[in-house]
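I have placed the structure first, in the form of structure tokens, so that the comments after it can refer back to it.
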Amino acid sequence: MSSGPIDLRDREPYTLDQFRVNNEHKDDLEYVLLSEGEIESRVSGLAAAITREYDSRENVDLYANCVLKGAMRFFGALIPRIEVRAPVSEGVIRASRYRAGKPGSKETEVRWLDRDLIEGRDILVVEDIIDEGYTLQAVIDHLEEYNPQSIEVATLFDKVSNRKIEIDVKFTGFTIPDEFVVGYGLDYDERYRNLRHLAVLTEEARNA
Ligand code: 5GP
Ligand code: MG
């Protein structure tokens, strides 16, 4: 029995009219990859796996960090479901990969992390999605400078077929196909975060 990621790469997607989708979003979406209910059930499974992991360790002092903004919904659902026998604190990290004017740039700016809280703590980086991996690697490199006791990653979605650098990810919700997804907190140009399900955006909407 595996508690690993649920692989959606070969699964038949849902049509838009099988779920309730905001009319404002409908024309821009190709199909629904995951319903809100499926996502939230899996978040509970991840929280249980995280709880088991940290309860098997000694002297845990968990510091969960939400990578803004895409992971906000995931973070809000995940943290209350983690029930470790240890202190838990919460923080945010802002990470943005420079894209404008620098195509293919691997530079990532990491901001807002509370440096004073990192030393000696067990950092859980909470991410929405990993694609090539550069964003997450930059976050990890940054955190390592402030001497945490440990660093682990929880990501809700992973486009693993697209990875350019190897990263050790302990907790993954779903492995998804290499498509541009929005909803459940993930945006395109700051829109669609409020879509309740995870859906694939049409080419036309991405080029608009
Ligand atoms: P990476 O550095 O791993 O290539 O990029 C990860 C970041 O790119 C994510 O944190 C997210 O901001 C963005 N990203 C990558 N793939 C997608 C996607 O399919 N949908 C959305 N909304 N953002 C994505
Ligand atoms: Mg992210």
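Computed quantities for the displayed model
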| quantity | calculated |
| --- | --- |
| Volume in Å³ per residue [convex hull over Cα atoms, computed for the stretch 63-208] | 118 Å³ |
| Inter-label distance for Arg206 and Ala48, nm, one decimal - labels placed 7 Å from Cα along Cα-to-Cβ | 3.5 nm |
| Label-zone membership for the stretch 46-89, site Gln149, 7 angstrom Cα→C-beta point, backbone N under 18 Å | 50-65, 82-89 |
| Percent antiparallel among DSSP beta bridges (both partners in the chain, rounded to 5) | 35 percent |
| Estimated inter-spin distance, Ile6 and Glu83, nm [label 7 Å along Cα→Cβ] | 2.1 nm |
| In the stretch 70-160, the trypsin sites (Lys or Arg not before Pro) that fall in loop regions by DSSP, at most 10 other Cβ within 10 Å | Arg85, Arg99 |
| Lysine pair count for the chain [Cα-Cα under 19 Å; pairs on different chains or 8 or more apart] | 5 |
| Where a label projected 7 Å from the Cα of Glu119 along Cα→Cβ would reach, residues of the stretch 54-93 with amide N under 18 Å | 61-63 |
| Along each principal axis, Cα extent of the stretch 140-208, largest first, Å | 44, 23, 21 |
| Value at 222 nm in deg cm²/dmol, rounded to 500, when DSSP H runs of n ≥ 4 in the chain each add -39,500 (n - 2.57) | -6500 deg cm²/dmol |
| Among 61-67, 138-144, the order from most to least packed when residues are scored by Cβ within 10 Å on average | 61-67, 138-144 |
| Inter-label distance, nm, simple model (7 Å from Cα along the C-beta direction), Lys26/Glu166 | 4.8 nm |
| Relative contact order computed over the chain (Cα-Cα under 8 Å; 6+ residues apart), in percent | 26 percent |
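Computed from the coordinates by the stated procedures, all read-outs in this text should not be read as laboratory data. None of the values given here were measured: they were computed from a predicted structure. All Cβ positions, glycine included, derive from the backbone under ideal geometry; neighbour counts span all protein chains shown.
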